[in-house]
Structures are given as C-alpha cells and as structure tokens.
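I have placed the structure first, in the form of structure tokens, so that the comments after it can refer back to it.
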Number of protein chains: 2
Amino acid sequence: MLEDFTPPTRRQLLTMIGKAGGAAALYQAMTVLGHAKDSQFNGPPKLSGAKPGASVLVLGAGLAGMLAAYELTKAGYKVQILEFQGRAGGRNYTVRGGDTINEIGSKQEVTFAPGNYLNPGPWRIPYHHRTVLHYCKELGVQLEPFLQINHNALIHGKKAFGGKPQPYRDLMVDWKGHVSELLGKSLNAGALDTTVTAEDKARLLEAMRAWGVLDKDMKYTKSDKVGEQRGWERPPGGGVNGAPIPNDPFSLSETLDSGIWNTLGFYAEHVMQTTMFQPKGGMDHIGKGFQAKVGKLIRFNTRVSKIAQDDRGVTASWTDTKTGQTGESHADWMVCTIPAPVLNQIDFQVSPAKKAAIRALPYGNSVKIGLEMKRRFWETDYAIYGGISFTDQAISLISYPSAGCFTDGPAVLLGAYPFGAGAYMLAGMTPEKRIQAALDQGSVFHPAEYKAEFRSGASVAWNRMPWILGCCAAWTEESRAAHYQDLVSMEGRIVLAGEHCSYYGCWQEGALLSSIDAITRLHQRASAA
Amino acid sequence: MLEDFTPPTRRQLLTMIGKAGGAAALYQAMTVLGHAKDSQFNGPPKLSGAKPGASVLVLGAGLAGMLAAYELTKAGYKVQILEFQGRAGGRNYTVRGGDTINEIGSKQEVTFAPGNYLNPGPWRIPYHHRTVLHYCKELGVQLEPFLQINHNALIHGKKAFGGKPQPYRDLMVDWKGHVSELLGKSLNAGALDTTVTAEDKARLLEAMRAWGVLDKDMKYTKSDKVGEQRGWERPPGGGVNGAPIPNDPFSLSETLDSGIWNTLGFYAEHVMQTTMFQPKGGMDHIGKGFQAKVGKLIRFNTRVSKIAQDDRGVTASWTDTKTGQTGESHADWMVCTIPAPVLNQIDFQVSPAKKAAIRALPYGNSVKIGLEMKRRFWETDYAIYGGISFTDQAISLISYPSAGCFTDGPAVLLGAYPFGAGAYMLAGMTPEKRIQAALDQGSVFHPAEYKAEFRSGASVAWNRMPWILGCCAAWTEESRAAHYQDLVSMEGRIVLAGEHCSYYGCWQEGALLSSIDAITRLHQRASAA
C-alpha cells in the first residue's frame, strides 16, 4: 500500500542502489543525489587482513604519515614512523607562548599570552574537505566557525583612493552597480540582440535593475536603496533623527582602481567558500588527535639520510639529531611523506623518473606573521569581527581572529600571509624586521591603533624551516603533466604521500586523500605479494 | 622630538578632537575615521540628575521598554513597567521543550529535546547593530557566529531546473560568468566606447576575464578554472586518480530561470551582510539580561485599557488577566512601547495626528516554523553547515542551525520564514497543518530525509499573537512621510518607543535606538519642566 510507504533514508537508498548495481552505480547515484559532488572522500579506507607480521615504515609524522600509520595499524600492519622534528604534526602546527620557532638562521621565543596562538600552516577548513572533517570527528577535535567573508573588512591598494582603505562592502556593491549599468546600457542599445533572445534580454534588464540597484533610468547612483546595501553617510536610527542619509558611490574608474574583482574572485574559489571551520584552540589539535592514536609508533629527532629497497623489504638509514646515534629501520613496505625539497637531498633508491619528479616539483613559499595586540581594537573601534583585509603591499593581507569575539584582553591577528614575492621579501628579513614591516604595512588599515596596541609577534618563513624548505607543492600545469603520475606511482615497496601527491596542493585535505590512496594501493600490493 | 612621538589611540584622538571642537566635530571626525559610519549608536545614553521623586511608567517589557527602564533607573527615575504577558522580552523570544505557544485560536506544547530551541522573532545580529552588541556585552550575553552565507546551501525555484534545487555556489559562479561574457562582448563590439574611457575599457575587459573566469575567447565555458570556483563533476583528490573533472555550467537561460540575482541581492543588504552573530542558547538571553536588571519593576499579566495624561502626570488603567483585578498606575512621565495594532485598540489620550499615525502604521506578518530532526542529515549527507536554502514556495526558506555543527542527536532547523502572502497562508492553518506544509515544501531540498527524520515541530504566526497582532512595522515611503514624525514626537508627558518608532523596523537595533532617543528627549523635557 502506497500510503504505508516510508521514504528510505539516503543511507538506505544508497545501500539499496549499491547492492543492486555495485560501486559504479553507487558513485553515480551519490553524485545525482548531490552527495559526493564536493569530495572524493568515500569514508575512511576499509583495509583489513594484513598478512601476519607484515610491516610498514612511515617517513614523516605529519598528517599524511600519521593517517597512514593509524589506518595501517588498524588493518593489522606493524608500523613505525620516523620523524625529523621533536614534534608530530608537520605543517599542522600551532605556536603559543613558550614555544620556540627554529628557522635556518634564527630562533624566536614566542611570548603570546595564555590561550593565544598563531597557526603558521593551515588555518581553515572548507565545508567540502570531508576527509579532514571526518577525522576531526573521529579524533574528537572540536571545530568552530572560521569567519571568512567579512563585508566590513577593508581593501587597500597603494594606487586606489589615495591609499585610503575602503570597506569590501562599498566596493562590492559599487562593482555590481557599475557592471549592471554598463550591461543594461548595452542591452538597451541592442548591442546583444543577436546574442540573447528577446525573452532573456527582458529578464536580464530586470535582473540588472534589481541586482545593481539601478534607478528608473538604469543608472547606478546615490539613493536610499543603494544605501540599504552600501551603508550610509548617516545610518538609520530611532526616533526623530532616525532617517538615514545615503552617501555617494564610487565612480566606475575609482571602483576599477580598487581591483575589487580580485577579492570577489578570491571568495568565489571553491576552497575559499563559506562555511569554513577551524579547530578550537589551534589547528594542531588535529595533529595531536592523530598523535594520541599513533604517538607511541613515532621515533622523533630522526634524520633520514638514505632510503633503500630490495625484494625483501625497505631500509631507512638515519641519524638521531639529539644523540648523534645512527641506525637503520627495516620493514616490508614504506610510505614516504618527506617533502620533495628535503627528499631531493636524500639518497633515495627509486627510478630516474620518480627522482626527476621529486626534483621538478616546485614548492611555493609563504610567510605568516602573528601580531598580538593589547586589545581587539578592530572589533571595538571598527566593528570588524573576523575576516580578512587585503592589501597590495608585501604582507598581502591581515586577518582578524574568528574566535573570542567580544572578549577583552590581548588577541593575535594574522599580520601577514603572502605567497610569492612578498613571502620571499619577508622571509629574507630577521624575525624582528618582519614584525616591523608587518606593523608598518598593516598600519594602513588601523593607523591610530596598530603600533600603539602591539604587544608581541611571531613569524614563520616556510622556506627557512629546515624540515621542509618551502611551504607546499605548487605544481604548474606543465610540471604536473610531466611528473605527477611518476611521483605518486608505487615503485616496488615504496609509495609517496602528502599534499604534494594530490590535486589539493597546500591543503590538509590533499595530504589525507593522498595518504588514503597510497595506503590503499600499498595494501593491495602487499595482499597480492 | 618626532622620534618620541607615540601615535595617539583612536580614543585619545577622538577625545582631543572632542575637546577642541565639540560634538559636531567629534561626529565628523569619527565618520572620517570610519568609526561611526555604520551606526548611529553613540554609547549608552548618559542621563543623570533626575528630579527627586520623578517617576516614569513604561508600557511593555520588550527590549525598548526594558532598556528605557534600565537607563531611566540609572538616571534616578522611579520606574514601573506594565506587561501584558507573563513573560518579559516581547519579540525577543525563544521557545524550548516544555514551553507553550499561545496563539489566538490555538495552543502548542513544544517538545524539543533539551538544548534545542526556535527563535520565533529576531534570530541574527549584524556586525553594525552596535546598540544590540553593546548591551549584549553590558548584560553578559554570550554571542557566537551566525552562519549566514553558505555557498553549498540550495536555491529552489518551481520553474527552474525542473524543480531540482541547485547549490548557491553553482548559480553564483554561473551568474558572474554569463554577465562577464555579455559585458565583455559589448565592450569588444565597441558598444560602450562613448561611455567608458579607453583605459577603463581595457581594465574592464581584464576584470571580466578574471572575475567571470572567461576563456581566451572571452567565453564562459567548462574548464578546470571554472571548476575551481563552481565545483566539479569529480572533485580533486589524492594519488593516481587525483585529477578533477570539471562539470558543465548552466546556460544563460537556465541561470536566469533561477533568479539567482535575488539571492545575491539579499546577501548584499547591509543588514544581511556578514559578520553576523546570535546569542548562545537562544535570542531570549538578551531579554533575560535586561530582565535581570529591571525584572523587579515589571507587573506581568497586566492588560492596559486606557492611557490618560494631564498637567501633573500620566495614568494607565489596567486589568490583571490572571485575577481580574483592575487598577491604575500613575507616574510623571510615560514611555509607551505597545505595538501599534494593539495600541490602536486602547483609549489613548493623544492628539488626532498621533492617533492617525498609530492607525496608519502598517504591520507586516511573518511565520516561523521550527522542525526538530532526529539527526543533522544536512551536515552529514549534504555538507551543509548553517546558512539558508531559498525557495519560491510559501515557506520561503529553510535555515540550518549555526550552533552545534558536527554534534549528534536531534537538532532544530528553521522550516519556514515567509513574510507576505506565504505568511498569511501558513498563519491561516492549524499548527499541525503548518508543520505538514513545511515538511511537504522543505522536502524539495532533502527528499529522502526530510520527513523520515522529522521528530517534532513548533510554529509562531505573528498576526495571531494576541499581544502584537503582527510581526513588525512595515512603513511604506508614503505612510512614513505622512505619519512617522507624528508617531515619535513627545506629546505632553508621553513618548512612544519600539522598532516601529525607528528607521530600523523589524530589527532589535531599531527598538533600542528608538528607546534611547525617546528617553533622551523625555529626560530633557523632565529636566526642563
């Protein structure tokens, strides 16, 4: 009886489809249902039945390495991890007061107040990075919203508005106003009559008027309606003087000066879209979560100098950087997550093609600078809560903390986060000079407060971190086409993993997905061997 | 010596300017510094020195009434509040399991699980509603982010895509793609050569290419670059099958079918812009915060039937709705926050002009429906965390909870929030039928889960709440021009306050700003009397 039909849950439905048609039908159905569209993650790897005594050596205790160790252990493998640093997590890294940052050529003692921190590596998690989100849940890592788009944050260009920053909101509204006016004018002039149907032309004109907040003459100009988006000369209030007064939009030329379409494009990137999250208290809670599972398998302070394999197994030769002791670790199989710039310097017994891939893989550089301020003046004095202010100076942006809004006491804002030229410029400075540059440049946004409220700073220049010598993989289309498959192929008993072995370079999601793929192939080969 | 110059903080600078030039210069300077631009709030009212024994009767214990009582008490007035309901807060209202919703003609017992709630009235606070934010801080109300823009939430139109909802993200990216292509084409055809300078034309073309993610022929078409914004047929992954596969954008006509520009316009509204907040655990924590300060001044269950004034004071005649007792309350002055539809039915001794204003003030209607689901399937099965899915059905939208993401157990989503026709349609139904309609209509977004996971529901139809008979003031331009100043003017010993007495109708900010304005004028008159 149809009345008694209870609609199946998605899970029930997918199970039914899976049983009827197998994995391909399942993936197809999930895509149609809108389920899997955003992620290749298909649940944690279901590995089991490792051959008795089979062992895996994992190089690197970052997220890729620890995920491999965690899941391979579950599958029955005997696992050991060798880690260069005295700390697990790799780029999943949070610095707090009392920590020391060791770069090549400098050492910083961090003096942030208790509870304050800087995430020098990853700092935000998009909604569709389902692998990261899955393991956060499995490992008990608490997440909170990361405040990404803030309409009241600022955009600064050295050549725009005489160097005076403007709210994202104003520029975003003016942008669509001017674009609408111009497209409306073109449509009304018949310039697109051979391109769009008469029906679509009418709908487009209606849409331009609404979206661009154009007046009856299809002009973008000062009005209360524009004020309702752009904000006001005098905002709405209560009682006798409640009426708002609109202000003047920027001209087309001024709006173009701002380059606002770059910011609009930034926020439109799939990996930058809201909703985003961050772990409460610091990104390293993910690494700590994995470490709680596999920490006892890690040999710290272990510099690998040579990696060999033969028919029977793999061998890593190492030196203990604390004691000077040397040794070898053996296993049946290996997952190597050592970053390419470091791996390139190791005697590594793989094919010329894989060596070429490791050598060719470009790494981008980046610098993050944390500035601890005595108080949250961006909130109290500017009504800026979280989000990002962009600039075309070397620092590239400043970002306001997503957590702790409305609290008193010192707080850390991200004072610089450049890639490319700006990153090399700041990386070339001493830590003290970097802080000074960040304060100088960031002052354009908050001139009266930025230096006056500064308390302490800390920075990480990734190309000066000895265990990675760069920030993350920056494949070009050409290098990817020439080398990617050689890099990720399993050769003999060795497979590589890490964000550089994924199409999600520079994201934790890439490291985890790559690791899942690598250990799935390793397990297949080990099972067949 | 210039080297010793410490830049003044904003506060120091403003104090210096204020001392030198007075309040007008101060407001001017604050505006120039970007400080006051977003809000008329200038700090809480600095009232002091009430005449000994001076008293104020406040009608209504909503936010406007309680703010008035709180600040007037601080200034030295003797204050009493009369409240119709057995509860303070007015539309600042949260319903939880165990609560009863009393509408005209129906009664609902709410059965939400502990911790779950619905905010039938206000539910979000924009960053620039500084009056609300100020009192949250002063009253100890903890705030957390309200997740407003979710790129993965859905847009549904009965006539678009055969009724299949599409992610906001896809439509937003396709919108700018098609707009860019069309404007690029117009520019390249010379259609705007007499409108824009050659320099701006070149910049616009560059901007269209970047913002619209156009190809080398200035076409918006499937590509990896478009996928990087729009998402993928197969998303990026790790290892050997990591390469993503882009999908096909929607055509211009399809994109127009969606009416996506309306959603883009919605998120561009000043009052809808991020960053937004909500009180942890329910909006009524603001009302409770005020109540903690002035609760002992409130006489509950008190229906006012007549309001009179003479040279010596004001009198409110009332009936206790629990006991039937009648009585009169007297004071020197009055702040009346009774909503216009109810005030219109009371014998109110004011001028014909003010009566006409009260009568003429239109109130909008709205309905909110909370649907408690057994689990957060929108998160686990759809990767939707907070935000809003829109539809052109009567329910207008559904919204996913901002708090508690990633937790297990039942959660409440907002299953309907229409104004206008949809609100009257739902308000005309029994509470049970409303829930059924919300489940039927909301199922377009989550067909497999929506009814299967439903646990319990609750709704509030504001035009059926006996103490307000509507949702909030909906001034038209004409009614505002004809009546607003008559409504807010202080007449004799009586002044009105509430969101209806502001240019922020339907927002708590309007209620508070209106109240500050009203009591400031009352205090001026009382001091001069």
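Since every read-out is calculated from the coordinates, none of them should be taken as a lab result. What you see is a predicted model, and the numbers here were worked out from it, not measured in a lab. When we count neighbours, we look across all protein chains shown, and the Cβ atoms used for this are built from the backbone with ideal geometry, even at glycine.
Descriptive notes on the structure:
- Separation in nanometres of the label points that stand 7 Å from Cα toward Cβ, at B:Asp408 and B:Lys355: 6.4
- Across peptide A:178-185, the mean count of Cβ atoms from other chains lying within 10 Å of each residue's own Cβ comes to 5.
- Pairwise Cα inverse-distance average, inverted: Kirkwood Rh of region A:272-314 (Å): 14.3
- Those residues of region A:73-109 whose amide nitrogen sits under 17 Å from the label point placed on A:Gln325, 7 Å along Cα→Cβ: A:80-87
- Projected label points at B:Ala292 and B:Lys216, each 7 Å from Cα along the beta carbon direction, are separated by 6.6 nanometres.
- Plainly put, the tip 7 Å out from Cα toward Cβ on A:Thr430 is 8.0 nm from that tip on each other copy, the closest given first.
- Largest-first principal axis extents of the Cα set of region B:181-334 (Å): 80, 53, 28
- Dividing the radius of gyration of the alpha carbons in region A:280-398 by their Kirkwood radius gives 1.13 for Rg/Rh.
- As a proxy for reagent exposure, ranking B:His134, B:His483 by other Cβ atoms within 10 Å from fewest up yields B:His134, B:His483.
- Interatomic Cα distance distribution for region A:209-274, bins of 10 angstrom, percent: 19, 34, 33, 13, 1
- Ignoring lysines fewer than eight residues from A:Lys219 along the same chain, the ones with Cα atoms less than 19 angstrom from its Cα are A:Lys176, A:Lys185, A:Lys201, B:Lys201.
- On full extension, the segment bounded by A:Glu206 and A:Asp193 gains 3.1 nm, given 0.36 nm per residue less the C-alpha separation.
- If you plug the beta carbon distance of B:Arg312 and B:Thr73 into 1/(1 + (r/R0)^6) with R0 = 25 Å, you get a FRET efficiency near 0.70.
- With both residues required to sit in chain B, DSSP beta bridges show an antiparallel share near 70%.
- Estimated FRET transfer efficiency (B:Asp224, A:Ala529; beta-carbon r; R0 51 Å; 0.05): 0.85
- Computed packing ranks the peptides A:186-194, B:191-199 as A:186-194, B:191-199, most packed first, by mean other Cβ atoms within 10 Å.
- Computed Kirkwood radius, in angstrom, where 1/r is averaged over Cα pairs of region A:433-529: 16.8
- Average beta-carbon neighbours from other chains, 10 Å sphere, peptide A:263-272: 5
- Translational diffusion of region A:329-379, estimated by Stokes-Einstein from the Kirkwood radius over alpha carbon pairs at 4 °C in a medium of 1.567 mPa s, is 87 µm² per second.
- Among beta bridges from DSSP that stay inside the protein assembly as shown, the antiparallel ones total about 75%.
- Other residues whose C-beta falls under 12 angstrom from the C-beta of A:His500 contribute a net charge of +1, scoring Lys and Arg +1 and Asp and Glu -1.
- Net charge of the neighbourhood of B:Gln291, taken over other residues with C-beta under 13 Å away and scored Lys/Arg +1, Asp/Glu -1, is +2.
- Computed Kirkwood radius, in angstrom, where 1/r is averaged over Cα pairs of chain B: 26.0
- The Cα-based radius of gyration of region A:99-252, divided by its Kirkwood radius, gives an Rg/Rh of 1.16.
- Taking every alpha-carbon pair within region B:168-258, the share separated by more than 22 Å comes to 35 percent.
- Nm distances between copies for B:Gly313, ranked from closest, using label points 7 Å along Cα→Cβ: 9.6
- Taking Cα centre as origin and charging only the Cβ of basic (Lys, Arg, +1) and acidic (Asp, Glu, -1) residues, the dipole magnitude of region B:168-258 rounds to 160 debye.
- Radius of gyration over Kirkwood radius for the protein assembly as shown, both on Cα atoms: the Rg/Rh ratio is 0.99.
- Estimated dipole of chain A in Debye, rounded to 20 [Cβ of Lys and Arg +1, of Asp and Glu -1, Cα centre]: 1300
- Fewest-first ordering of B:Cys471, B:Cys501, B:Cys405 by other beta carbons within 10 Å of each residue's beta carbon gives B:Cys405, B:Cys471, B:Cys501.
- Where labels lie 7 Å past Cα in the beta-carbon direction, separation of A:Asp440 and B:Ser305 in nm: 7.8
- With a Förster radius of 35 Å applied to the C-beta separation of A:Lys137 and B:Gln142, the computed FRET efficiency comes to 0.90.
- Placing a label point 7 Å from Cα along the Cα-to-Cβ direction at B:Asn262 gives distances to the equivalent points in the other copies of 3.6 nm, listed shortest first.
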